[in-house]
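Visitor: Dumping the structure here so I can ask a few things about it.
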Amino acid sequence: MTNYEDIFKKIISHCKEYGYVFQSSEIYDGLAAAYDYGPNGVELKNNIKQYWWKSMVNMHENIVGIDSSIFMHSKTWEASGHKDAFNDPLVDNRDSKKRYRADMLIEDHISKIEDKIAKECLKAAKRFGDSFNKEEFISTNNRVLERQKKIDDISNEMNLALNSNNLEKLKKIIEENDIKCPVSGTNNWTDVRQFNLMFKTQMGATADASSDLYLRPETAQGIFVNFLNVQKTARMKVPFGIAQIGKAFRNEIVARQFIFRMREFEQMEMQFFIRPGEEEKWYNYWKDVRMKWHLSLNLGDENYRFHDHENLAHYANAATDIEFKFPFGFKELEGIHSRTDFDLKAHQKHSGKKLQYFDSEIEKSYVPYVIETSIGLDRMFLTILSNSFKEEELENGESRIVLKIPSFLAPIKAAVLPLTKKDGMPQKAREIMQKLQSNFNCQYEEKDSIGKRYRRQDAIGTPYCITVDHQTLEDNTVTLRDRDVMSQCRVDIQKLNSIISEKVNLANYLE
Ligand code: ATP
């Protein structure tokens with residue numbers, strides 16, 4: 001097993017052991033690609049939502065929120081194009097009976113060639129030592145050039161095939177490059193077929209076609225159909241945004257990698273309505289704002305990058321992903337899309353209702369253009385967990401597992417721990433709990449040795465442990481232990497509120 005697979009496995013089992021994430025319906029052997037969030041998971045998830053909502057909605061005068069229903073009129077999905085075009089190309093391996101997304105098989109093949117180039121560079125760097133110039137090596141070494149050409153050719157062909165919906169061509173690319181099934185090791189593939197990702201269900205007791213419904217595959221459409229309701233009632237002027245957090249459902253062909261790709265997940269989306277012609281300016285603006293939001297979490301600037309789309313969705317004229325370095329490599333965390341006036345115009349056409357805005361400054365009515373920011377809450381959760389999971393060797397030869405979650409997002413902010421269950425320490429500890437509880441999520445724990453309790457709180461990611469001992473009963477001071485550096489200091493009980501607040505207060509990050 002490679003190192004990153006090993007670490008990823010550890011993170012998944014840590015999530016279960018410490019009440020972050022459980023497999024859905026586990027007692028029935030689980031349901032694929034569906035997960036439940038446990039007591040610590042739901043706190044972390046709520047904190048992420050709060051950080052996103054406050055920074056996107058409350059900190060922007062011109063953005064407001066909604067919470068639209070998951071069920072929408074089925075015409076919504078005709079208008080949005082999802083009924084016809086929300087497809088992924090599917091291919092089966094006849095020997096392993098495993099199903100794949102054809103484009104992902106090809107992308108994985110490209111990644112392998114990229115890895116080979118990276119290895120060539122490493123070898124050359126060793127050989128040439130200090131005089132190694134990577135730029136020059138990449139642009140002159142024949143083997144690297146050949147590999148790069150191969151990558152460019154395959155990507156171009158794949159983008160052409162995807163854009164023109166040419167499924168035979170996709171199959172040909174798989175065959176010509178001798179791409180094999182990772183399970184059976186053979187290239188015995190079926191034809192490539194389109195597969196619609198929407199879940200269908202029915203409303204009411206009658207079974208005629210008019211009652212067909214879809215579980216929404218994105219929250220965005222709930223915003224578009226409410227565009228005029230919100231604009232009028234909140235008296236918004238273009239440019240303005242509407243934000244929403246909610247569940248989305250996609251019948252993903254391959255759902256692997258834990259909560260990275262689920263069939264039921266949550267999105268945090270914001271649609272920003274602008275004047276036609278201003279899309280480039282606002283697209284770049286939101287790219288910048290969203291990247292800064294990610295970097296504010298201090299998870300390492302080198303772990304983020306933009307990936308511009310060449311193969312655009314049916315509604316977009318420009319699109320980029322903010323990618324994060326997950327344990328399994330750089331993958332999409334958030335999408336920023338310039339959606340033009342596609343959605344509003346389509347809803348206008350299908351509903352027969354005008355969805356226009358009168359811009360009093362230029363005295364003109366128009367259908368606004370839209371820039372969308374769309375981030376998966378569960379992927380954001382995984383970003384934080386996978387980055388904060390650390391196994392540390394301690395000076396005394398022991399080791400610890402600690403979740404160095406940004407303190408303001410941590411599920412539990414402080415644990416209150418009486419050193420023993422005797423001499424009135426539990427009572428004193430409960431008094432402290434009561435003082436802190438209304439400000440921070442705290443946990444009271446008296447079982448096990450103090451060392452064990454510290455380890456447990458480290459593993460949960462609690463920034464502070466407050467220990468009540470004999471001295472506390474005499475002078476009202478406690479030991480305050482810091483999760484990250486494990487330092488301990490004596491502080492007055494009266495000061496606990498302000499010290500903890502300094503570190504965990506969301507407002508400090510928003511500023
Ligand atoms: P991918 O290419 O990974 O399938 P996408 O481009 O289809 O993602 P979008 O439609 O742009 O994704 O959705 C916006 C965001 O929603 C993504 O950036 C991602 O964070 C999240 N998301 C999309 N699909 C899933 C899923 N199956 N499970 C969890 N999160 C998802």
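Where a number appears in this text, it was derived from the coordinates with a stated rule and is not lab data. Just so it is clear, the model here is predicted, and its values are computed rather than measured. Quick reminder, even Gly has a Cβ in these numbers, built from the backbone with ideal geometry, and neighbours come from all protein chains shown.
Visitor: If the reach is capped at under 17 angstrom between alpha carbons, list the aspartates and glutamates near LYS422, excluding any in the same chain fewer than eight residues apart.
Guide: GLU431, GLU445, GLU446, ASP448, ASP469, GLU474
Visitor: Further, regarding this structure: So which GluC sites (Glu not before Pro) in the range 208-306 pass both tests, a DSSP loop state and at most 16 other Cβ atoms within 10 Å of the Cβ?
Guide: Qualifying residues, ordered by number: GLU278.
Visitor: Assuming a viscosity of 1.567 mPa s and a temperature of 4 °C, what translational diffusion coefficient in µm² per second does Stokes-Einstein assign to the range 274-318, Rh being the Kirkwood radius over Cα pairs?
Guide: D, rounded to a whole number, is 104 µm²/s.
Visitor: Taking 0.36 nm per intervening residue step and subtracting the Cα-Cα distance, what contour gain separates ASP359 from PHE128 on full extension?
Guide: 76.9 nm
Visitor: Let me ask you something else. Could you bin all the Cα-Cα distances of the range 87-194 into 5 Å bins starting at 0 and give me the percent of pairs in each, rounded to whole numbers?
Guide: Spelled out per bin, shortest first, that is 2, 12, 20, 18, 14, 11, 9, 7, 4, 2, 0.
Visitor: Sticking with this structure for a sec: If amide hydrogens are placed 1.01 Å from N in the peptide plane, which non-local residues have theirs closer than 5 Å to the one on THR340?
Guide: ASN317, VAL370
Visitor: Would you list which aspartates and glutamates come within 17 Å of LYS325, measuring only between C-alpha atoms, while excluding same-chain residues fewer than 8 positions from it?
Guide: Straight-line reach from LYS325, under 17 Å: GLU5, ASP6, GLU107, ASP108, GLU114, ASP115, ASP301, GLU302, ASP308, GLU334, ASP378.
Visitor: Taking the Cβ of MET236 as the center, what net charge do the other residues with Cβ under 15 Å away carry, scoring Lys and Arg +1 and Asp and Glu -1?
Guide: +1
Visitor: Can you run phi through the Karplus equation (6.51, -1.76, 1.60; θ = phi - 60°) for the range 495-511 and list ³J(HN,Hα) in whole Hz, with x for Gly and Pro?
Guide: Each residue's phi maps through the Karplus curve to give 8, 4, 3, 6, 5, 5, 4, 3, 8, 10, 6, 4, 4, 4, 7, 5, 5 Hz.
Visitor: Same structure again: So what is the 222 nm mean residue ellipticity for the chain from helices alone, if each DSSP H run of at least 4 adds -39500 (n - 2.57) and you divide by all residues, rounding to the nearest 500 deg cm²/dmol?
Guide: -12000 deg cm²/dmol
Visitor: Something else about it: Express in % the proportion of alpha carbon pairs of the range 394-510 at distances exceeding 25 Å.
Guide: So the portion of pairs separated by more than 25 Å is 17 percent.
Visitor: Multiply the residue separation of LEU160 and ILE499 by 0.36 nm, subtract the distance between their alpha-carbon atoms, and state the gained length in nm to one decimal.
Guide: 116.3 nm
Visitor: What is the sum of charges, Lys and Arg at +1 and Asp and Glu at -1, for the other residues whose Cβ falls under 9 Å from the Cβ of ARG147?
Guide: That sum, taken over residues with Cβ under 9 Å, equals +1.
Visitor: Another question, then. List the residues whose amide H sits under 5 Å from the amide H of GLU266, counting only those 5 or more places along or on another chain, with H placed 1.01 Å from N in the peptide plane.
Guide: Those qualifying (amide H under 5 Å, at least 5 residues apart or on another chain) are ALA248, LEU377, ASP378.
Visitor: Now for a separate question. Compute the relative contact order of the chain as a whole-number percentage, counting only Cα pairs closer than 8 Å that sit 6 or more residues apart in sequence.
Guide: Value for the chain: 14 percent.
Visitor: Please give me the summed charge of the neighbours of ALA316: other residues whose Cβ is under 10 Å from its Cβ, Lys and Arg +1, Asp and Glu -1.
Guide: Value of the local net charge: 0.
Visitor: If R₀ is 22 angstrom, what is the calculated FRET efficiency for the pair LEU506 and ASN62, using the beta carbon separation as r and rounding to 0.05?
Guide: Rounded to the nearest 0.05, the efficiency is 0.55.
Visitor: For a label point 7 angstrom out from the Cα of ASN87 toward its Cβ, which stretches of the range 179-201 have the backbone nitrogen within less than 14 Å?
Guide: Zone members listed by number: 191-198.
Visitor: Starting from the 7 Å offset along Cα-to-Cβ, what nm value, one decimal, do you get for the label separation of GLU136 and ARG94?
Guide: 5.3 nm
Visitor: When you have a sec, figure out the Kirkwood radius of the chain from all distinct Cα pair distances and drop it here in Å to one decimal?
Guide: 26.1 Å
Visitor: Can you tell me the length gained on complete extension of the stretch LEU145 to GLN488, counting 0.36 nm per residue apart and subtracting the Cα distance?
Guide: Taking LEU145 through GLN488 to full extension adds about 117.9 nm, to one decimal.
Visitor: Tell me whether the range 134-249 comes out rounded, prolate or oblate; compute the Cα gyration tensor, take square roots of the eigenvalues as a ≥ b ≥ c, and use a/c under 1.5 as the rounded threshold.
Guide: oblate
Visitor: If packing is taken as the average number of other Cβ atoms within 10 Å across a peptide's residues, how do 413-420, 490-497 rank, most packed first?
Guide: Order by mean packing, descending: 413-420, 490-497.
Visitor: Report, please, the projected area of the range 23-70 averaged over directions, based on the convex hull of its C-alpha atoms, in nm².
Guide: Taking the Cα atoms of the range 23-70, their convex hull projects to 4.9 nm² on average.
Visitor: Same structure, new question: Give me the distance in nm between label points sitting 7 Å out from Cα along the Cα-to-Cβ direction at THR201 and LYS119, one decimal.
Guide: Reported label-point gap for THR201 and LYS119 is 4.8 nm.
Visitor: If you find the alpha carbon centre of the range 382-417 and of the range 183-250, how far apart are they in angstrom?
Guide: So the two Cα centres are separated by 37 Å.
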